[in-house]
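Worksheet for the structure shown next.
The values are calculated or read from the model by the stated rules, or taken from the named source; none is laboratory data. On a predicted model such as this, the values are computed, not experimentally measured, just so you know. All Cβ positions, glycine included, derive from the backbone under ideal geometry; neighbour counts span all protein chains shown.
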Amino acid sequence: MPRFRQESLSPAERDAVDTQPRPVVALALDYPPGHRIAPHSHTRTQFVHADSGLMRVTTRTGAWVVPPGHALWMPAEIEHEILAIEAILMRTLYLDTGAVPWLPSDCWVVAVPPLLRQLISKAVTLPALYHIEGADGRLMAVLLDELRGLEATPLHLPFPRDPRLRDIVDTLTEFPRDDRALDVWARTAGASGRTLARLFLAETGMTFGEWRRRRRLLAAVEWLASGRPVTQVALDLGYASPSAFIAMFKRHMGDTPGQFGC
């Protein structure tokens, strides 16, 4: 059984990670369900991966659900917080920005292939000051090569800035089944449905309908990974039938909902 850590990295530990004279620092930290890592940032790029468990990572501009078998690219200097929806065995890589010059400036969730997962598991056992020219350094070089070319998955929910839209997305974040049209929201938002639709697209890059479907997809991933049955998830999200939900899920995730269950 893992020994769960009840606190996050201290400022001194975080500084030690950020200033380590190696291109990659690998760290293993395990957290219990419900644990929240308070908002913080690093001078290094992070590859936030959990060997098992489910987490949600939030910044000022959006939220990302990271299910088992996935990881989140977190660029340097972006303030973020992490919530362990389930117990997580976190295996994080802290990368010198010069070692990953090809990395985009945005956060994104990627699937972690089996080989990369094994490399990360080995990397967290190495000493912080591993020998760069030896076997440990060669392993880290292979790990960096395997990080290239990972494709983003649709597990990002962008947040709008406009306060009229934030009231809507806050409600949908808590109640993803809510199916009210924008014209209905407009009655209390202080703007027309057309104005809200234009703002949604401008501030999130998604239509209101696309955003709501994405919110339901992320809710489905969280609920499935927490052990809720597929049929129950489909009904809780307002789908007419489990088959309609399964078709939607497979279209966006490339796998059936059963692959994300416990």
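Of all residue pairs spaced 6 or more apart or on separate chains, those with beta-carbon atoms under 7 Å, a first member in segment 241-257 that is over 16 Å from Pro229 (Cα atoms) and a second member that is at pLDDT 90 or above and surrounded by 11 or more Cβ atoms within 10 Å (Cβ to Cβ) are His252/Leu217. Within segment 21-38, being closer than 24 Å to Leu139 by Cα and surrounded by 16 or more Cβ atoms within 10 Å (Cβ to Cβ) holds for Arg22, Pro23, Val24, Val25, Ala26, Leu27, Ala28, Leu29, Asp30.
Within segment 180-209, restricting attention to residues that are within 25 Å of Ala234 (Cβ to Cβ) and part of a helix (DSSP H, G or I), the residue that is farthest from the chain's Cα centre (by Cα) is Val184. Scanning segment 210-234 for residues that are touching a residue at least 60 places away in the same chain (Cβ under 8 Å), out of contact with any Phe, Trp or Tyr (no Cβ under 9 Å at 6 or more places or on another chain) and assigned to a helix (DSSP H, G or I) gives Arg214, Glu222. Among the residues of segment 136-182, the one identified as among the hydroxyl-bearing types (Ser, Thr, Tyr) and without any contact (Cβ under 8 Å) to a residue 24 or more places away in the chain is Thr171.
Return yes when Leu27 is within 15 Å of the chain's Cα centre (by Cα) and of a type in the set (A, V, I, L, M, F, W, C) and no when it is not. Here the answer is no, as Leu27 does not meet what is asked. Among the numbered conditions (1) over 16 Å from Ala50 (Cβ atoms); (2) among the β-branched types (Val, Ile, Thr); (3) assigned to a helix (DSSP H, G or I), the only one that Ile120 does not meet is (1).
Among the candidates Arg177, Arg161, Arg148, Arg138, the residue that is modelled with pLDDT of 95 or more and either of a type in the set (D, E, K, R) or more than 18 Å from the chain's Cα centre (by Cα) (or both) is uniquely Arg138. Selection of segment 48-78 for residues being among the acidic types (Asp, Glu) and touching a Gly at 6+ places or on another chain (Cβ under 7 Å) yields an empty set.
Given the criterion surrounded by 16 or more Cβ atoms within 10 Å (Cβ to Cβ) and of a type in the set (S, T, N, Q), identify the matching residue among Thr204, Thr231. After applying the criteria, what remains is Thr204.
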